[in-house]
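K.L.:
My questions all concern the structure below.
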Amino acid sequence: MLKKIMITTAIGGLMMGGALAQSAEPGVKDAERAANSSPTMATGDAKFINAQNTDQWLSSHFIGADVIGPDNEKIGDISDILFEKNGNVVGYVVGVGGFLGIGAKNVALAPSSFQVVPANADRATTGSATTTTTRAEDVKLKLNMTKDQLKQAASFESTREQEAKSRAAAQPAPGGMNRPAPK
């Protein structure tokens, strides 16, 4: 549960960062912008968020999103999101290769490496009206790399995987390697 909350917070921070980076509207004061932003209620130091904005995504819908290459072919999917303790998103972990998750390799890339595109961008349009809001499950992440390039990239190792490798290296090998050699 804590993991979901932290990932949701990280994605929210990522999405808000882009909105904050845009230039302010002329004549709009900070207080007016704050009043018109997402409905929130502050209690002490806690800031409650009552609703998701149209420019925010939930990590539960973001994880598992397809990653496509320059030719719009699927090359992997988002298996996890890496973020700092302060909530800044550091990277997206992409699972590439394997079959049904078995033998897949994880590679982490910075969010700036990806371009968010509609899931149906490679389909022909029918001329029907489109909405201006995009749901997270209706997007793919486009990467300017091929599947082979991702497979050749350095693998991403979580701290849990790093610690497991360290423990395995520190333990003696089966067969009693700690015994003295026979004379």
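K.L.:
Expressed in nm to one decimal, what extension gain is obtained for the pair ILE102 and ALA46 from 0.36 nm per residue of sequence separation less their Cα-Cα distance?
P.N.:
Gain on stretching ILE102 to ALA46: 16.0 nm.
K.L.:
Let me ask something additional. At 0.36 nm per residue, and after removing the present C-alpha to C-alpha distance, how many nm does the segment from ALA110 to ASN86 gain when stretched out fully?
P.N.:
Result for the pair: 7.0 nm of gain on full extension.
Every number here is computed from the coordinates shown, using simple stated rules; none is lab data. Since the structure is predicted, the reported quantities are computational estimates derived from the model, not experimental observations.
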